[in-house]
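The values are calculated or read from the model by the stated rules, or taken from the named source; none is laboratory data. Remember, it's a predicted structure, so these values are computed and weren't measured experimentally. Cβ: placed from backbone, ideal geometry, glycine included. Neighbour counts: every protein chain shown. All accessible areas refer to the heavy atoms of the entire protein, side chains included, with ligands and DNA or RNA removed. Shrake-Rupley method; radii C 1.70, N 1.55, O 1.52, S 1.80 Å.
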Amino acid sequence: MPSDWVWYSGVDVGSGGSNHPASICFVAVNVKTYQEARVVESWRGSPLEVTTTQDILKKYLQMRGSRKMHGEFYDWASKDFHITAARAGVAFQPAEKSQALGKQLLNTLFSNQMLSIDDTELNQDLITELQNLKHDTAKRFAVDDAIDAARYAVTKIPFDFSHITGDQEKEIEQEKKHVEPRVQAMQ
């Protein structure tokens, strides 16, 4: 990874097991242009494994290693995770949870070759989810745990869309104006 790229991450703590496993995603961004990013590493837990917020933080720190993070974002519905991370000295910020914004942004990034995913074993769960998730699948039935962590990371990156023409940039800006008020209050 070029030394002048910066790191962003997203963590979806999940429900501790059952049908909603935890997930973590690390994205590297070209800081010179903010027009190029790569998902370098992601992880999705097993729905059969019971996890705690401490387990997820431990996994996150193991994956983060010595990376110097530019932004670390988490599902702010998990207050326990935030408290656990803060006590460990990790300064997580609330993620942008708007699914509409996240989906639009991911689609725009992919269609304009601004985001790529390293084709490694580490990212296979994310790749599989992206390939198989149907647009009309209800959230409660969707297998999108790794996608959620990726959304949490990329929605906070200040991408430069100045080279894009057409309606895509306008749609993203419109979605940003309709962010849930409680997200703004938590920042």
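For segment 2-15, does any single residue satisfy the condition of being of a type outside the set (Gly, Ala, Ser), more than 23 Å from residue 120 (Cα to Cα) and surrounded by fewer than 21 Cβ atoms within 10 Å (Cβ to Cβ)? Within segment 2-15, not a single residue is of a type outside the set (Gly, Ala, Ser), more than 23 Å from residue 120 (Cα to Cα) and surrounded by fewer than 21 Cβ atoms within 10 Å (Cβ to Cβ).
Of the residues 99, 93, 113, 104, which is open to solvent by 20 Å² or more (accessible area, probe 1.4 Å), farther than 27 Å from residue 62 by Cβ and within 13 Å of the chain's Cα centre (by Cα)? Result of the check over 99, 93, 113, 104: 99. Of all residue pairs spaced 6 or more apart or on separate chains, those with beta-carbon atoms under 6 Å, a first member in segment 102-117 that is within 13 Å of residue 151 (Cα to Cα) and a second member that is open to solvent by 40 Å² or more (accessible area, probe 1.4 Å) and not polar (S, T, N, Q) are 104/171; 104/175. Among the residues of segment 148-168, is any assigned to a helix (DSSP H, G or I) and modelled with pLDDT under 85? Checked segment 148-168: at least one residue is assigned to a helix (DSSP H, G or I) and modelled with pLDDT under 85.
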